[in-house]
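Asker: A single structure is presented below for examination.
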Amino acid sequence: MSPDSARRLTIAPSLLAADFARLRDEVAAIEAAGADWLHLDIMDGHFVPNISFGPAILKSLRPHTGLPFDVHLMIEPVDPYVAAFAEAGANHLLLHPEAGPHLHRSLQLIRSHGLKAGVVLNPATPIETVAWALDLVDIILVMTVNPGFGGQAFLPSQLPKIAALRRMIDAADHPIALAVDGGIAPATAPLAIAAGADTLVAGTAVFGAPDYAAAITSLRGRPAHAGPGNGSTSSGPTGTGLDSTGQGGGG
Ligand code: DX5
Ligand code: ZN
């Protein structure tokens, strides 16, 4: 892989950090600011110790944006809700292996609705969990915090895991996005990118910033005030392999 690959990063702002009283405006603003996907964190107060929102919110927002809905399910169980999220307009459904007994079957179910399927690895979850279901996977999301809350500190312990997943993905026979989620900010994004991530989920660093477009540009590594080294710290991103609609091939 050539250093500083020209492949564009995918930026997926997390709606969890948006102003919930103005969701329609927030979604329009983040699309105008250059986001690639909209990341939606679904929490049930059971799988994670927090409650966010469900498919009704997706359905309400769906007519107001063309951004792919990248839906991170922090719920247990998953299977009974797949149809509802598909009908609400999800494009990608990502689940945690710990949320049910049959990861492979859940991925088949998600794919059967015509959606991209993703697996989310908690900080202590090994990459081997996904290895034998790779043929059904379009996205692997590495949690760089424990799931449940925005605004937590990035866990550098996950960097070797990202690198190992990059090797696994490069050996796969179809495109798989390698995403990171949790504590991603201008200071931590280059670490994740250098380890091999091609997709950045960020809540606080984008929706908590005064200028969403500038925040997204900073995550891409090209801040307006870039000094030496900025924008050239990435050594291994290869792009997500998914097209601009987030649908991609290989389904
Ligand atoms: C945490 C969620 C994240 C969260 C990230 O459980 O999965 O998507 O929104 O928030 P920040 O970017 O603030 O760490
Ligand atoms: Zn998330």
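The values are calculated or read from the model by the stated rules, or taken from the named source; none is laboratory data. Since we're looking at a predicted model, the values are computed, not measured. Note: ideal-geometry Cβ built from the backbone for every residue, glycine included; neighbour counts use all protein chains shown. These area figures cover heavy atoms from the full protein model, side chains too; ligands, DNA and RNA do not enter into them. Shrake-Rupley method; radii C 1.70, N 1.55, O 1.52, S 1.80 Å.
Asker: Hey, among the residues in the range 106-149 that are of a type in the set (Gly, Ala, Ser) and under 27 Å from Ala185 (Cβ atoms), which one's farthest from ligand 1 (Cβ to nearest atom)? Break it down stepwise before answering.
Answerer: Going residue by residue through the range 106-149, those that are of a type in the set (Gly, Ala, Ser) are 106, 112, 114, 117-118, 124, 131, 133, 148.
Adding the requirement that they be under 27 Å from Ala185 (Cβ atoms) leaves 118, 124, 148.
Details: Gly118: 12, Ala124: 15, Gly148: 5 Å.
Applying the filter and picking the extreme gives Ala124.
Asker: Taking the range 41-69, which residues are among the polar types (S, T, N, Q) and closer than 13 Å to Val27 by Cβ? Break it down stepwise before answering.
Answerer: Within the range 41-69, the subset among the polar types (S, T, N, Q) is 50, 52, 60, 65.
Answer for the range 41-69, where residues must be among the polar types (S, T, N, Q) and closer than 13 Å to Val27 by Cβ: Ser60, Thr65.
Asker: Of (1) away from ligand 1 (no atom under 16 Å from the Cβ); (2) under 16 Å from His96 (Cα atoms); (3) touching a residue at least 12 places away in the same chain (Cβ under 8 Å), Gly182 satisfies all except one. Which?
Answerer: (1)
Asker: Give Ile184, Ile162, Ile169 a once-over and let me know the one that is over 18 Å from Ile42 (Cβ atoms) and within 11 Å of ligand 2 (Cβ to nearest atom). Before the answer, list the steps.
Answerer: On the way: Ile162 fails: within 11 Å of ligand 2 (Cβ to nearest atom); Ile169 fails: within 11 Å of ligand 2 (Cβ to nearest atom).
Sole residue among the options that is over 18 Å from Ile42 (Cβ atoms) and within 11 Å of ligand 2 (Cβ to nearest atom): Ile184.
Asker: Now for a different question. Which of the residues that make up the range 47-60 are open to solvent by 10 Å² or more (accessible area, probe 1.4 Å), more than 14 Å from ligand 1 (Cβ to nearest atom) and not hydroxyl-bearing (Ser, Thr, Tyr)?
Answerer: Of all residues in the range 47-60, those open to solvent by 10 Å² or more (accessible area, probe 1.4 Å) come to 47, 49-57, 59-60.
Those still in the list that are more than 14 Å from ligand 1 (Cβ to nearest atom) too: 54-57, 59-60.
Once the filter is applied, which keeps residues that are open to solvent by 10 Å² or more (accessible area, probe 1.4 Å), more than 14 Å from ligand 1 (Cβ to nearest atom) and not hydroxyl-bearing (Ser, Thr, Tyr), the range 47-60 yields Gly54, Pro55, Ala56, Ile57, Lys59.
Asker: What's the number of the only condition in (1) touching a residue at least 12 places away in the same chain (Cβ under 8 Å); (2) away from ligand 2 (no atom under 16 Å from the Cβ) that Ala21 fails to meet?
Answerer: Here Ala21 clears every test but (1).
Asker: State all residues of the range 155-179 that are more than 16 Å from ligand 1 (Cβ to nearest atom) and in a loop (DSSP other than H, G, I, E, B); if no residue qualifies, say none.
Answerer: Ala171, Ala172, Asp173, His174, Pro175, Ile176
Asker: Give the residues of the range 100-144 that are in contact with a helix residue (DSSP H, G or I) (Cβ under 9 Å, 6 or more places away or on another chain), of a type in the set (Val, Ile, Thr) and open to solvent by less than 20 Å² (accessible area, probe 1.4 Å), sorted by residue number.
Answerer: Across the range 100-144, the qualifying residues are Ile110, Val119, Val120, Thr125, Val130, Val137, Ile140, Val142, Thr144.
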